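What follows is a short report on a single structure.
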Amino acid sequence: MCRFSPGVAAAEVAAFNDQLEAFLHFEYLRGREARSGNDTSHILLTAFDTPKGPSYKIFIVGDNDLLTAVPRLAELEGRNLIAHYELNTWTEKDFAYYRQQSHMFDVAYGVPTEQKLESLSSFQLLPALARFLVFKSQTDNRVLDRSDAAPRPLTREQATQLASDILAVADFYALPLDYFLGVGAMENDYMDIDGDLTHAVWKKRAQRDDIILRRGRKRVMVSNYAIGTWQITRETLRAAHRLYLKDKRDYTRLPARLRLPRELNLNSVDDAVLTTYAGLLLRGLLDHFGGDVEKATGAYNGGVKAPNPAYASGVKGVAQYARRVLEHATALDDPAGSAKNPAITPSLALSADNSPAPGTPAPSEATAPQEKPPYRRADD
């Protein structure tokens, strides 16, 4: 054994200033490791007060043996599950304290909130939703692959605009926000890139803007790739536009950037209006299936005649997860809501006997912030 120091070996693998961001990545790392059959009990989230504000760090506690610890951490780096690592040493008391602290985060986020998603305003939801969209794009498998063709995750500015658009469209069409978010995650993790580029369909005759790939005696084959954030195929977009032309809603209630054009140009569709088209499609499917969200979301992928149950299940998983994240985030951003939450009453910075946490370098770093607990990740 090649011990690198006495005590308990812990590697710091991520640090954040935002608790929501920290817990999302904490749960993501645990979820990926659990799927690989690895022990996740030694992945810990810790919180500190610093002169610049709260700080949150993720640690992996491992063998105090360089010959096994370093290759394990390097493997996680190679899989792009961590960006870096820094080796640390804890005493046994430190380890017990940080493990208890990490457990407190889990317990805190298991408590249901008083405010439900349906009662929250767009103003309350916007900041947390933007962070959620950034996180989902950052952990998309294509992004983690880091190949030359990998898409770029959303910037905070892009995510804030998209979050605002999603909230406006969900309100306009009276959509269940959680399921609308589930569709967006299943389609493209909210990133504006085209998909299914080789997909094509046969039709009786070509229409304006069609990309003709082949001509038969009585039919033409046209490109039918999926467009943008919501992965709406070109032919589905035509159908959605026909729905719009028959729709009696007052579209002036939408922000100007989200209003649909009277004439559709398939070769020049702004991504903002794709959010509106996606909302219109989901609303139409919900109406068709009498409000059955599972059939409606399954049909978003498989069509009305053959709704895709696997897709619907995936949407439901993301929807449930997004609901928990947003309900907790907004409740804990509200000081009044935080005060009512019994999960965050105990201090995360004190040991069981109310003394300062053992082994901490300074009291300011040992006092964990109490205003926000973490989020339990349900999907991966």
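Would you be able to say whether some residue in the range 51-68 is under 12 Å from A11 (Cα atoms) and in a helix (DSSP H, G or I)?
Within the range 51-68 (the criterion being under 12 Å from A11 (Cα atoms) and in a helix (DSSP H, G or I)), the answer is yes, since at least one residue qualifies.
How many residues does the range 226-265 hold that are assigned to a loop (DSSP other than H, G, I, E, B), farther than 14 Å from G195 by Cα and touching a residue at least 60 places away in the same chain (Cβ under 8 Å)?
3
Report, by residue number, each residue of the range 45-70 that is at pLDDT 85 or above, charged (D, E, K, R) and out of contact with any helix residue (DSSP H, G or I) (no Cβ under 6 Å at 6 or more places or on another chain).
Matches in the range 45-70: K52, K57.
Can you find a residue in the range 16-26 that is touching a helix residue (DSSP H, G or I) at 6+ places or on another chain (Cβ under 6 Å), modelled with pLDDT of 90 or more and within 25 Å of T89 (Cβ to Cβ)?
yes
Only residues that are under 26 Å from the mean Cα position of the chain (by Cα) and within 19 Å of V183 (Cβ to Cβ): list them for the range 237-259, please.
The answer is L237, L254, L258.
Would you confirm whether any residue within the range 121-129 is buried (at least 16 other Cβ atoms within 10 Å of the Cβ) and either modelled with pLDDT under 85 or over 18 Å from L24 (Cβ atoms) (or both)?
yes
What about D148, is it among the acidic types (D, E), closer than 30 Å to E33 by Cα and part of a helix (DSSP H, G or I)?
no
For the range 152-225, please list each of the strands (runs of 3 or more DSSP E) lying entirely inside it that holds at least 1 residues being modelled with pLDDT of 90 or more and exposed (fewer than 14 other Cβ atoms within 10 Å of the Cβ).
In the range 152-225, the matching strands (runs of 3 or more DSSP E) lie at 200-203, 212-215.
May I ask you to say which residue of A159, A163, A128 is within 28 Å of R257 (Cα to Cα) and in contact with a Lys or Arg (Cβ under 8 Å, 6 or more places away or on another chain)?
Result: A159 is the single residue among A159, A163, A128 that is within 28 Å of R257 (Cα to Cα) and in contact with a Lys or Arg (Cβ under 8 Å, 6 or more places away or on another chain).
Regarding the range 53-65, can at least one residue be identified that is surrounded by fewer than 16 Cβ atoms within 10 Å (Cβ to Cβ) and either farther than 25 Å from P127 by Cβ or aromatic (F, W, Y) (or both)?
yes
The values are calculated or read from the model by the stated rules, or taken from the named source; none is laboratory data. Quantities reported herein were computed from a predicted structural model and do not represent experimental measurements. Ideal geometry is used to build each Cβ from the backbone, glycine not excepted, and the neighbour counts take in all protein chains shown.
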